[in-house]
Amino acid sequence: MEAPALANAAAADPDPLESQGETPDGAPAHLPSPDAPSPESPAYRLQDFDTLATVGTGTFGRVQVVRQKTAKRFFALKVMSIPDVIRLKQEQHVHNEKSVLKEVSHPFLVKLFWTCHDERFLYMLMEFVPGGELFSYLRNRGRFSSNAGLFYSAEIICAIEYLHSREIVYRDLKPENILLDRDGHIKLTDFGFAKKLVDKTWTLCGTPEYLAPEVIQSKGHGRAVDWWALGILIFEMLSGFPPFFDDNPFGIYQKILAGKIDFPRHLDFNVKDLIKKLLVVDRTRRLGNMKNGADDVKRHRWFRTVDWEAVPQRKLKPPIVPKVCGEGDTSNFEAYPENDWNTAPPVSPKDLEVFKNF
């Protein structure tokens, strides 16, 4: 199966991601693999790829694993329906995702290589991370051990710290958006809600169970929402369920604002203390959002055994090493039917104007 033909080749953006040199803490930035396209690479073309499988779907698009015909490299191609993006008023989020991914370079963030569009779809060519979603491993195991939760939390903290150092708030931390590479290290993906911060932002976005109180109350929010989401994630990784849940979103919101946390008995004192300090309703007193920023989180007692210099260098031993049979192996993802999703009608030149630089 060939990737959809490109109708508007002139819309292609040939600039792949540029290396940022060093991470803010002085650790060397993750360098692209030898197979990764260099900044001097020619522009890609959609007809140069074969589609192998769909590994994810969303409200206005899907993610496909594609193989470059000549070099036999594998990539993830995010395909978004322009009519659906417009109907759901997601134009700005789509542009945000591209601009954020073009700016960042970190071992725990998925790479963007190229974007383009035709009259029906937006395309983002990204690295394929074959280990699957952390969500799948968590559901299969029920919950993670304390050591596993510690490992994933440490790598996530380094990713959040890096984004915040570049004035970017992620806003969508959850197990479904954390991928494992073939060695078992994390990659954050799906930057549709990520945003470059100039000041506070007011958009209500994210997953109900992970929303911070200030988002629900439309008070304006910033970096603190990512530290709140980390507290939710640590609780869910070690418990198997989020701390605030209900049959409907409004029930969830009420519980979040009340801030009452019922901890399972097996959680140790230190991790409960960390979660409590991350899930402080008053964001000015929330761990990670005070004067020392991420350092306050990294210095917490639960992380006392972590060598923080080794974390971004991927030197910590992963608790789970995915079974990956080859570069294009999609067996760690759910299978999705290849239905008639690509029958979206072309949009008018006027509607296409907003995506002219995509």
- Give the residues of the stretch 52-98 that are closer than 17 Å to Lys356 by Cα and either out of contact with any Phe, Trp or Tyr (no Cβ under 9 Å at 6 or more places or on another chain) or among the β-branched types (Val, Ile, Thr) (or both), sorted by residue number. Val79, Ile82, Val85, Ile86, Lys89, Gln92, Val94
- Task: Kindly indicate whether any position in the stretch 169-185 is polar (S, T, N, Q), modelled with pLDDT under 95 and in the same structural domain as Ala258 (by TED's automatic domain parsing).
- Result: no
- Query: Somewhere in the stretch 223-239, is a residue surrounded by fewer than 18 Cβ atoms within 10 Å (Cβ to Cβ) and either assigned by TED's automatic domain parsing to the domain that holds Ile160 or in contact with a Lys or Arg (Cβ under 9 Å, 6 or more places away or on another chain) (or both)?
  - Reply: no
- Phe235 vs. criteria farther than 21 Å from Ser146 by Cβ and among the hydrophobic types (A, V, I, L, M, F, W, C): no
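Please go through the stretch 126-152 and give me each residue that is aliphatic (A, V, I, L, M) and touching a Lys or Arg at 6+ places or on another chain (Cβ under 8 Å), ordered by number.
Met126, Val129
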- Item | Subset of the stretch 272-300 [surrounded by fewer than 12 Cβ atoms within 10 Å (Cβ to Cβ) and closer than 23 Å to Glu236 by Cβ] | Asp282, Arg285
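The values are calculated or read from the model by the stated rules, or taken from the named source; none is laboratory data. These numbers were taken from a predicted model, which means no experiment stands behind them. Positions of Cβ are backbone-derived with ideal geometry, glycine not excepted, and every protein chain shown enters the neighbour counts.
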